[in-house]
There are 2 protein chains.
Amino acid sequence: MWSVTVYFLIGVVSVLANDVKTIVDERNRLLKRELDMMIGSDIVLSDSEQKVNEMIMKLKINEMDFGFEHPQYFNYSKHFFEYKDEVKKSKLFKLIKQMPKGAVLHAHDTAILGPDYLLNLTYWDDLYVCFEEEDVHLLFAAETPDSACKTKWQLMRDARYSSGNVEKFDRELRQYFTIVIDNPQEVYSDINIIWTKFQKIFMTAGTMLTYMPVWEQYFYDSLKALRDDNVMYFEVRSVLPELYDLDGNVYNSVETAVAYKRALDKFMNDYPDFIGAKLIYAPLRRVDAKVIKDSIRVAREIKRKLPDFLAGFDLVGQEDLGEPIKDFLPELIEASNEIDYFFHAGETNWYGTSSDENLADAIALGTRRIGHAFAIIKHPVLMEEVKKRNIALEVNVVSNVVLKLVEDVRNHPLAFFLAQNMPVVISSDDPGLWEAEPLSHDFYVTFMGVASRHADLRMLKKLALNSLYYSTVSNKDKVIHEFDIRWTKFIDTIVKDQW
Amino acid sequence: MWSVTVYFLIGVVSVLANDVKTIVDERNRLLKRELDMMIGSDIVLSDSEQKVNEMIMKLKINEMDFGFEHPQYFNYSKHFFEYKDEVKKSKLFKLIKQMPKGAVLHAHDTAILGPDYLLNLTYWDDLYVCFEEEDVHLLFAAETPDSACKTKWQLMRDARYSSGNVEKFDRELRQYFTIVIDNPQEVYSDINIIWTKFQKIFMTAGTMLTYMPVWEQYFYDSLKALRDDNVMYFEVRSVLPELYDLDGNVYNSVETAVAYKRALDKFMNDYPDFIGAKLIYAPLRRVDAKVIKDSIRVAREIKRKLPDFLAGFDLVGQEDLGEPIKDFLPELIEASNEIDYFFHAGETNWYGTSSDENLADAIALGTRRIGHAFAIIKHPVLMEEVKKRNIALEVNVVSNVVLKLVEDVRNHPLAFFLAQNMPVVISSDDPGLWEAEPLSHDFYVTFMGVASRHADLRMLKKLALNSLYYSTVSNKDKVIHEFDIRWTKFIDTIVKDQW
């Protein structure tokens, strides 16, 4: 009797053990299928890469698991301003900075460099300043400007040194060049408020930057900053404003593009290891069809003049308040055989509105990539289309936090895009305005805050490769080969230095 | 020559017009395919329903479009506490309140009714109170309790009337029963802080609610509140605590379940138009396997005793800090043939962690529905599985805001679930704790804040139908038929009253 009971019990236990195995196998199989689908899963790591991977995963998982227990210390669910400087000290950030990251495919020309750089520009000769109650106007001129000023124009040099406290003067002036403040959640209480501040910086800096000598220097120094951040190639978006000089000359958009090409050539001469840059002409969207028609004409002229430099065309500005793409269909269709499109679309969380549905128009117009595409997660058919047509989504995760589309990056749709291996590139939009590195912060936040705990070096490498693959760089194969060489060198350095 | 030019121009114009038509057709086709996929798209509205639909869409679109231009006035991107009372005055809210909404399938028993109700309970006889520095303890007793109290136990009646200011006394006491405060973003600065406060309310109210006469009354009144909110059926989750009475009796979990059944029978007798309620036994997850084993035993006993009342089993508590499902696999598998599961899973934004991966375990264990499933959006394979296996996601959008998973509801994954017509039911989790209606606020926020601008009455009807379809109600076809009758009556009333 005893032996029968034991036999019976063993039977129950082993049946149960089998059942447990079945369920464990199933849950593992489900999760494994997802890992095999995740971005970067097709990359096979070399032995050296595996060593680096172990190192970075140890750092990442330590930080994540600590945050999981103590969420008050987890940076990436907070506002970017709270942790952006602190993280720079971390080993992992330094490693990501040193890592070859490929290309920046979505960034606006006058927002690459930060407030310290702009402040330095105010030390140039011939800069005049007009301080008004809440505004400051800047203009280079051979003599005192006669343009509107509610107070008076004075030479910046005079204003600065007669202020009695240069440090205080500069500290206050710097504030006009940055969106960073201590209490963003309070001050930037809705999306229009932050966009107003954001656009004001562009305008304030704009009159200083559109001085031809500064313009070329700024672009040159932007390329240098990208190179220093281990970016090898850049597709820069620009509204191509009119430029001016001290002699009273005014340069139109085509000449502005030429100035960029000139600065690029100089830079390539000085730093021949940089791969290059192309231009996406991206005028403001809050205009009428006649203006768009004229912009298209400008794009065509640039294309004729600098066929290898112009990548294509886009429209910029706060999407919710601007005109939808569909209002310009005749103008955009007419040029679509000649000009490639790289439309901003779906930089919104207004589901079912005109800015949300810009996504459909961009796709129908054959856009090569989509700027932001934040809202595409709500569009199952459009997501299928971008996969099918291989249209890359230019995701700017830090920008979307700062410009108030999402608060906690863990809720950013990028997590979903990465899980599904959607055609994604990581970019930085306007890093200078929020005092971020040209690309490293966006890679870092993606890796630490957005991606799965399991996402590893393969994801980082794939994102870097994607940025080249989805670019319009000439000799793409050669460039990717060059990337591989630099990547291997990076890996070897990390392994050798025993980081 | 002139006529040739004209002919040529007409040719260009008509070619372009065709091109525009092609592109417009394509964007419309893409967007149409999405509308045809959206939840509720299979519902065909009657003429009367169409009239109501026009009415509600006018109200919805007016409010949305105003918010689109003036985001500072758009409620649903703000914290729930800021707008929850204001919206009750709106015509659309009143209509949604009046609308038959089917079932509540995810709500916790002692969090259905709000602080005003709990405050009223403190007027019952025989209630003792112990005020400590930051806590208050409540207990019904025949004489002064001898359980721990750092100050002293006194009869609530005595404490109240000796306070000198009953209104102030009650106002302060009420604060212990609500999570609602003026500055949630500041005070509830991370998820653990809000969960601590949240759990404290359960504990404070708990010792008052577990007094047997109160227990039955609370459940009776919860059913009444649901019925008043035009909910016809309820699956209530309970930890089934021990109950007590003035005679020193203590009732175990099975007896607690029996008390619920008794209260339900009384309610059904008084309100025979209510369809009924079932119980999901859901003990705390932060325990060891031995405790789970015992809980399963309790579930089995309830099932034996009240086979028609027990719907199934779940585990509750802050998922990130609790034990993952996988730690209890042997215990859960063993009972899986007898007990249906309704697991909480993925109530987290920690991607790739144990709480995130509870989703896989819940599915592998054959869960019938998933509580929250907030994180499933990051799991493409698991989303396919829930569709294939027809596992409903119990989404509690207001809860997820209050308990800090997401700030702006427009970023809630529910938008994606609705777009894909995933098996979704809308529920309210703990509406009393944040002073929401039993279900209307969650429906309203889903409709106004989360869903597409195009989502209409068909979505609302489908969500109500889903809540019955994915329930375990007996005689489901009959219940759905009864729903249809009430729905038609609702529609006719709205049309007749010319809302």
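The values are calculated or read from the model by the stated rules, or taken from the named source; none is laboratory data. All values reported here derive from a predicted model rather than from experimental measurement. Note that we place each Cβ from the backbone using ideal geometry, even for glycine, and neighbour counts take in every protein chain shown. To get the accessible areas, we keep the full protein, side chains included, count just its heavy atoms, and leave off ligands, DNA and RNA. Shrake-Rupley method; radii C 1.70, N 1.55, O 1.52, S 1.80 Å.
Among the residues making up the stretch B:329-338, those that are more than 9 Å from every other protein chain (Cβ to nearest Cβ) and open to solvent by 20 Å² or more (accessible area, probe 1.4 Å) are B:E331, B:N337, B:E338.
Going residue by residue through the stretch B:339-346, is there one that turns out to be within 11 Å of chain A (Cβ to nearest Cβ) and surrounded by fewer than 24 Cβ atoms within 10 Å (Cβ to Cβ)? Scanning the stretch B:339-346, I find no residue that is within 11 Å of chain A (Cβ to nearest Cβ) and surrounded by fewer than 24 Cβ atoms within 10 Å (Cβ to Cβ), so the answer is no.
With respect to B:E407, determine if the residue is part of a helix (DSSP H, G or I), within 14 Å of another protein chain (Cβ to nearest Cβ) and surrounded by fewer than 23 Cβ atoms within 10 Å (Cβ to Cβ).
No; evaluated as a whole, the condition is false for this residue.
Checking the condition among the polar types (S, T, N, Q) and surrounded by fewer than 19 Cβ atoms within 10 Å (Cβ to Cβ), which residue from B:N230, B:N252 passes? It is B:N252.
Taking the criterion of being out of contact with any His (no Cβ under 8 Å at 6 or more places or on another chain) and within 12 Å of chain A (Cβ to nearest Cβ), the residues of the stretch B:412-430 that qualify are B:H412, B:P413, B:L414, B:A415, B:F416, B:F417, B:L418, B:Q420, B:N421, B:M422. Set side by side, the residues B:S452, B:S474, B:S467 differ, and just one is surrounded by 24 or more Cβ atoms within 10 Å (Cβ to Cβ) and either more than 20 Å from A:W350 (Cβ to Cβ) or in contact (Cβ under 8 Å) with a residue 12 or more places away in the chain (or both), which is B:S467.
Residues that are part of a helix (DSSP H, G or I), within 14 Å of chain B (Cβ to nearest Cβ) and among the aliphatic types (A, V, I, L, M) do occur in the stretch A:63-76. Restricted to helices (runs of 4 or more DSSP H) entirely inside the stretch B:77-134, those with at least 1 residues that are under 19 Å from the mean Cα position of the chain (by Cα) and free of Cβ contacts under 8 Å to residues at least 60 places away in the same chain are B:80-83, B:91-98. Of all residues in the stretch B:431-457, those that are in a helix (DSSP H, G or I) and within 14 Å of chain A (Cβ to nearest Cβ) total 6.
Note on the stretch A:359-404: among residues that are without any contact (Cβ under 8 Å) to a residue 60 or more places away in the chain and of a type in the set (D, E), the one that is farthest from the other protein chains (Cβ to nearest Cβ) is A:E384.
B:K326 - would you say it is more than 23 Å from A:E63 (Cβ to Cβ), open to solvent by 10 Å² or more (accessible area, probe 1.4 Å), more than 12 Å from chain A (Cβ to nearest Cβ) and not aliphatic (A, V, I, L, M)? Quick ask: steps written out before the conclusion?
Details: more than 23 Å from A:E63 (Cβ to Cβ): yes; open to solvent by 10 Å² or more (accessible area, probe 1.4 Å): yes; more than 12 Å from chain A (Cβ to nearest Cβ): no; not aliphatic (A, V, I, L, M): yes.
Against the criterion (more than 23 Å from A:E63 (Cβ to Cβ), open to solvent by 10 Å² or more (accessible area, probe 1.4 Å), more than 12 Å from chain A (Cβ to nearest Cβ) and not aliphatic (A, V, I, L, M)), B:K326 does not qualify.
Across the stretch B:276-284, a minimum of one residue is classified as open to solvent by less than 30 Å² (accessible area, probe 1.4 Å), in contact (Cβ under 8 Å) with a residue 60 or more places away in the chain and in a loop (DSSP other than H, G, I, E, B).
No other residue among A:S428, A:S440 is of a type in the set (G, A, S), assigned by TED's automatic domain parsing to the domain that holds A:H108, open to solvent by less than 10 Å² (accessible area, probe 1.4 Å) and more than 19 Å from A:G371 (Cβ to Cβ) apart from A:S440. When the residues of the stretch B:155-200 are filtered to those that are within 14 Å of chain A (Cβ to nearest Cβ) and of a type in the set (S, T, Y), the one that is surrounded by the fewest Cβ atoms within 10 Å (Cβ to Cβ) is B:T196.
If the condition is being at the interface with another protein chain (Cβ under 8 Å from one of its Cβ atoms), without any contact (Cβ under 8 Å) to a residue 24 or more places away in the chain and open to solvent by 40 Å² or more (accessible area, probe 1.4 Å), then the stretch A:29-49 contributes only A:R33. Of all residues in the stretch A:209-253, those satisfying the criterion of being within 26 Å of A:S427 (Cα to Cα) and of a type in the set (A, V, I, L, M) are A:L209, A:V214, A:L223, A:A225, A:L226, A:V231, A:M232, A:V236, A:V239, A:L240. Which numbered condition trips up B:S354, out of (1) more than 7 Å from chain A (Cβ to nearest Cβ); (2) more than 15 Å from B:D294 (Cα to Cα); (3) surrounded by 24 or more Cβ atoms within 10 Å (Cβ to Cβ)? Among (1) more than 7 Å from chain A (Cβ to nearest Cβ); (2) more than 15 Å from B:D294 (Cα to Cα); (3) surrounded by 24 or more Cβ atoms within 10 Å (Cβ to Cβ), B:S354 violates only (3).
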